[in-house]
Amino acid sequence: MNEPSATRPLVSFDGVSKRYGSVVAVHTMNLEIYEGEFLALMGPSGCGKTTSLRMLAGLEEPSEGEIRLEGRRINEISSIERDTPMVWQSLALFPFLNVQKNVEFGLKMRAIPAEERQQRARKWLERMEILELADRDISQLSGGQRQRVALARSLVTEPRILLLDEPLSALDANLVVRMQGVLARLQKELGITFVYVTHSQSEAFAMSDRVVIMSQGRIEQIGSPKAIYRSPASRFVADFVGANNILTGSVSDSTERLEIRTAVGEFSCARNTDVSFNRGDTLDMVISADLVQISMENPNVQNSLRCRFISEEFVGSIVTIFAELDDGSDFKVQTRQRDLANMALEEGTVFFASWNDADAHLIDGGST
């Protein structure tokens, strides 16, 4: 992955809000997007990620605040003048033009001479490994081929920044993985800033340098995929990202290690957070499902829970176990299929889940 330059923001959102009547879609966004980075905007439907992208593209005008591109205010500049092409979820290819003409379109709108248009378009079709499709109609292409045409059409103008709005959502799972590789390779080779909107954690984490998590029009957390996955800043992020278990409790002892009293037991946690907790404070303890060990016998360690097996989900060699705790709350464990070979897990089977005290992440109980 590229390392963004901390001193060269290409795009700045400065106090940007967007309202539609009484509905606030984006609340006072402050965000810098660095030159040459792959940035993903992620969150549930209606969180404001696509509205933010559309404001950057010039398809929506901010209600408040300022958007700057290379230090220049662009609030009132048209989308064509901004040179911020977008790859749409629907791809928006022209069905009445063949592949070659679709790729040439942006150059034609810029009054590039026909011969140069054709050469540049063919160069990008070759780069996208679809040059042999140049004369085909769009209706004759597969989903993956259309995706490559849309990318070639956007990149043929050699922009400084490319915007992508859930471009892989309509593809089959195997094509999604393949196109993730194509996008990551292109971004690294070209050094173009990519701003990628998605609701898919796997897409965002597989390709991006930084991820912006949004909820209800606000930024919840910005960080590397690893930092967000292992150190969620709020309960919302912990719920949204990964397969996390969240135990709410209060600090019963904070002398050497934190002792956390919850509805399902008392647990120990290392001081692995910058937040200071004192006796009596309410907090959320986040335990990632892939950091939990399971056993059929009680391991007799402090950080263990009695669980009742409900069901399991297989994804390749990884199994996610869904269980119920004594208070009726849910608990998840992710492990390898081969590690379950000697465990007879059926509905209602009791087993024990445990974790190391250094693997729990603490969040202030007042954080939403």
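The values are calculated or read from the model by the stated rules, or taken from the named source; none is laboratory data. Predicted, not measured: the structure shown is a model, and the values here were computed from it. With ideal geometry, Cβ positions are generated from the backbone for all residues, glycine too; neighbour counts draw on all protein chains shown.
Observations, loosely collected:
Residues are listed down the side, and each one gets a yes or a no for (1) surrounded by fewer than 19 Cβ atoms within 10 Å (Cβ to Cβ); (2) in contact (Cβ under 8 Å) with a residue 24 or more places away in the chain; (3) small (Gly, Ala, Ser):
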{"site": "Asp14", "(1), (2), (3)": "yes, yes, no"}
{"site": "Glu35", "(1), (2), (3)": "yes, yes, no"}
{"site": "Cys47", "(1), (2), (3)": "no, yes, no"}
{"site": "Leu53", "(1), (2), (3)": "no, yes, no"}
{"site": "Glu61", "(1), (2), (3)": "yes, no, no"}
{"site": "Arg68", "(1), (2), (3)": "yes, yes, no"}
{"site": "Ser78", "(1), (2), (3)": "yes, no, yes"}
{"site": "Glu81", "(1), (2), (3)": "yes, no, no"}
{"site": "Thr84", "(1), (2), (3)": "no, yes, no"}
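- Residue in segment 291-307 that is more than 29 Å from Gln216 (Cα to Cα) and within 25 Å of the chain's Cα centre (by Cα) present: yes
- Hey, Leu283 more than 21 Å from Asp327 (Cβ to Cβ), outside the structural domain of Ser215 (by TED's automatic domain parsing) and not basic (Lys, Arg) or not: no
- Of the criteria (1) touching a Phe, Trp or Tyr at 6+ places or on another chain (Cβ under 6 Å); (2) not in a strand (DSSP E or B), which one Arg146 fails: (1)
- Entirely in segment 186-267, the strands (runs of 3 or more DSSP E) that have 1 or more residues that are at pLDDT below 95, surrounded by fewer than 23 Cβ atoms within 10 Å (Cβ to Cβ) and on the phi > 0 side of the Ramachandran plot: none
- When segment 155-169 is filtered for residues that are of a type in the set (A, V, I, L, M, F, W, C), under 17 Å from the mean Cα position of the chain (by Cα) and part of a loop (DSSP other than H, G, I, E, B), only Leu168 remains.
- Of all residues making up segment 268-285, the number that are out of contact with any helix residue (DSSP H, G or I) (no Cβ under 6 Å at 6 or more places or on another chain) and either of a type in the set (D, E, K, R) or modelled with pLDDT of 85 or more (or both): 8
- Taken over segment 315-368, residues that are in a helix (DSSP H, G or I) and either touching a strand residue (DSSP E or B) at 6+ places or on another chain (Cβ under 9 Å) or among the polar types (S, T, N, Q) (or both) amount to 6.
- Taking residues in segment 108-130 that are assigned by TED's automatic domain parsing to the domain that holds Leu186, and partners anywhere that are small (Gly, Ala, Ser) and part of a helix (DSSP H, G or I), the pairs with Cβ atoms closer than 7 Å and at least 6 places apart or on different chains are Trp124/Ala152; Leu125/Ala152; Met128/Ala152.
- Qualifying residue in segment 18-30 (condition: out of contact with any His (no Cβ under 9 Å at 6 or more places or on another chain) and under 29 Å from Gly181 (Cα atoms)): no
- Of the residues making up segment 174-182, at least one is modelled with pLDDT under 90, over 23 Å from Pro95 (Cβ atoms) and more than 18 Å from the chain's Cα centre (by Cα).
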